[in-house]
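Quick notes on the structure that follows.
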Amino acid sequence: EHKQLPLDTMVACTNMTSGKLIYISSRQMGFTIEWEHEGDVEYIELGELVTMRNSQRAFFEKNWIAIEDPEVKKFLRVNAYYDGIPSMDDSEILKILKGVPDGFKEILANKASKMISDGTIDSRKTIALLKSELNLDIEE
């Protein structure tokens, strides 16, 4: 049972794509939201997020945006798209990293250190593996 939230609640939505992201409303003519870069946060009304979920579900299905507030995720019924972010075991991670070109490792290193510092990755073993493979220089 989820509690009713006011549709004018402003919700922080983070761009999870690696570049610019644009949402064009199907509810309000000419209403668009642009995230310039990965990690940018835009505040969107809950009512508009309902429209987004109904008309452009990919924003949630493909994790283009992240919503931190668990109540909002429950209200929008999009939990499944976030709870199921697959956790890989260390041998899979190693296999992927071995095949990655060096130029891309830097991008991965940035992403990994962000995920470690915000607690997304919290396994000591995985952190140690990422540190050695990506030459991460981070304090835990």
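The values are calculated or read from the model by the stated rules, or taken from the named source; none is laboratory data. Everything quoted here is computed from the prediction, not taken from an experiment. So basically every Cβ, Gly included, is an ideal-geometry build from the backbone, and we count neighbours across all protein chains shown. Keep in mind that these areas ignore ligands, DNA and RNA; they rest on the heavy atoms of the full protein, side chains included. Shrake-Rupley method; radii C 1.70, N 1.55, O 1.52, S 1.80 Å.
Pairs of alpha-carbon atoms within less than 8 angstrom and 6+ residues apart define the contacts here; what relative contact order does segment 5-122 have, in percent?
Working: 127 pairs, mean separation 26.8, N = 118.
Reported as a whole number, the value is 23 percent.
If I stretch the segment between residue 7 and residue 25 completely, what's the gain in nm (0.36 nm per residue apart, minus their alpha carbon distance), one decimal?
On the way: separation 18, 0.36 × 18 = 6.48 nm, distance 1.54 nm.
Using 0.36 nm per residue and subtracting the Cα-Cα distance, I get 4.9 nm.
Among the listed pairs 74/105; 95/131; 20/111, which are separated by more than 25 Å between their Cα atoms?
74/105
Could you tell me what percent of the accessible area of the chain is made up of carbon and sulfur, with a 1.4 Å probe and every protein chain present?
On the way: 4780 of 9040 Å².
That fraction is 53 percent.
Packing-wise, with mean Cβ within 10 Å as the measure, how do 11-21, 117-127 rank, highest first? Walk me through the numbers on the way to the answer.
Values: 11-21: 16.5, 117-127: 12.1.
By packing density, highest mean first, the sequence is 11-21, 117-127.
For the chain, what is one quarter of the convex hull surface built on the Cα atoms, given in nm²? Don't skip to the end; give the middle numbers.
Numbers: hull surface 39.6 nm².
Hull-based average projected area comes out at 9.9 nm².
Mind ranking 91-98, 61-68 by how tightly packed they are, going by the mean number of other C-beta atoms within 10 angstrom, highest first? If you can, show how the numbers build up before the last one.
Working: 91-98: 12.4, 61-68: 15.9.
Highest mean packing first, the order is 61-68, 91-98.
Would you mind working out the accessible area per residue for segment 5-140, using a 1.4 Å probe, and quoting it in Å²?
On the way: 8500 Å² over 136 residues.
That works out to 63 Å² for each residue.
Could you give the size of the charge dipole of the chain about its Cα centre, using +1 on the Cβ of each K and R and -1 on the Cβ of each D and E, expressed in debye and rounded to the nearest 20? Before the final figure, lay out the partial values.
Details: 17 positive and 25 negative charges, 103 e Å.
Result for the chain is approximately 500 debye, rounded to the nearest 20.
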